[in-house]
Amino acid sequence: MPSESEADTPPSGAAFDEPGYEVSDDEQTWGVLVHAGGFAGLAVPFGNVIAPLVVWLLKKDETRFVDESGIRALNFQLTWSIVLLVTALSVLAGVGLLLFPLAVLGWLTLTVLGTVEASRGEVYDYPLTIGFVD
């Protein structure tokens with residue numbers, strides 16, 4: 001019977017998404033930060049891209065969970081920065097009066113969903129996202 005410390009150690013070569021591997025609390029914390037970093041865009045222009053980028057660059061080599069989460073969060077934030085910019089500009093044509101608030105609501109909702117999934121130790125695969133970072 002394995003000791004208690006052996007039971008907590010993932011099998012050799014196991015990835016975070018394989019059976020038998022549990023994402024550590026530290027990995028979950030950084031995963032949550034990489035997704036929640038998108039909310040920095042509410043306070044700082046393009047903070048929604050800068051904050052996840054900084055967290056991802058700091059931790060991507062330490063844990064595959066944060067690497068995968070960071071790539072997905074960055075791609076989402078870059079894609080939706082473009083969507084929000086285009087819909088904001090379309091306000092000038094009148095059509096953006098409806099599109100921009102819907103885009104903001106979609107961005108907020110998906111950012112919250114990504115953060116919640118990371119807090120559960122799962123990598124969230126954002127819908128409607130262009131793969132800028134691989």
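What follows draws every value from the coordinates through simple rules; no lab data is involved. Fair warning: this is a prediction, and the values are worked out from it, not measured in the lab. Quick reminder, even Gly has a Cβ in these numbers, built from the backbone with ideal geometry, and neighbours come from all protein chains shown.
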Projecting the Cα atoms of 32, 109, 71 onto the charge dipole of the chain, where Lys and Arg contribute +1 and Asp and Glu -1 at Cβ, the residue farthest towards the positive end is 109
Within region 74-98, what residues put their amide N at less than 18 Å from the label point 7 Å along the Cα-to-Cβ vector of residue 128? 74-91, 95-98
Relative contact order (%) - criterion: Cα under 8 Å, at least six apart; region: the chain: 26 percent
In nanometres, the difference between 0.36 nm per residue of separation and the alpha-carbon distance of residue 26 and residue 39 is 2.6 nm
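Given the DSSP H assignment, sum -39500 (n - 2.57) over each helix run of at least 4 residues in the chain and divide by its residue total; what's the result at 222 nm in deg cm²/dmol, nearest 500? Please list the in-between numbers first.
On the way: 5 runs with 80 residues, N = 134.
-20000 deg cm²/dmol, from helical runs alone.
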Size of charge dipole - the chain - debye, nearest 20, with Cβ of Lys, Arg +1 and Asp, Glu -1, no other charges: 960 debye
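Grab the other residues whose beta carbon is less than 13 angstrom from that of residue 29, score K and R as +1, D and E as -1, and report the net. Numbers along the way, then the final one.
Values: positive: 59, 120; negative: 25, 26, 27, 62.
Around residue 29, the charge tally is -2.
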